[in-house]
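Read-outs throughout are calculated quantities, based only on the coordinates presented, and are distinct from any laboratory measurement. What you see is a predicted model; the values in this text were computed from it and never measured.
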Amino acid sequence: MRIGHGYDAHRLAEGRALVLGGVSIPYGKGLTAHSDGDVVIHALCDALLGAAGLGDIGRYFPDSEAEFKDIDSRILLRKVVQLLNENDLAVANADIIIVADRPKLSPYFARMRENLAADMAIDVESVNIKASTTEGMGFTGRGEGIASHAIALLSSGSL
Ligand code: MG
């Protein structure tokens, strides 16, 4: 078994769609990034790549490449999982925290889990999503941005 950890944060801005875990959330602001800014998937990709000893998301999808401009991050996640499979690694489970004081995210957890489980080709029960606030402290508390932490476990070969 191999374990990996990932973290990502992006700045909130007006006029962008808020996409977390592949779910579009009505908020009036979204995360600015070269891609769709999905910090949940970016943190998860880094956890998966970290567990595999394969570096990080920027190595495979550099933000200098036009190819990845505004890209749906679920495409990146599926490519990462494909890379793991090519290295004889399978995803066992993942646990994700989203750090945001607003908006309220729990109504979207089920759809996020379904998306991520489908992209990783694992059971929904093997993907956990939760959210935490920081009680007004720091950039997440002030509503300047949203962060996410992820941890993932991989197993060698077929489970
Ligand atoms: Mg990112």
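Some points to look at:
- Cα gyration tensor shape of the chain, rounded if a/c is under 1.5, else prolate or oblate by comparing a/b with b/c: prolate
- Qualifying lysines (Cα of each under 27 Å from Cα of LYS79; at least 8 residues distant if same chain): LYS69, LYS130
- Alpha-carbon centroids, the range 65-131 and the range 8-58: separation in whole Å: 10 Å
- Kyte-Doolittle mean at least -0.5 and Cα axial length at least 18 Å: DSSP H helices in the chain: 39-52, 73-86
- Using just its DSSP H runs of length 4 or more, each adding -39500 (n - 2.57), the chain gives a mean residue ellipticity at 222 nm of -8500 deg cm²/dmol after division by all residues.
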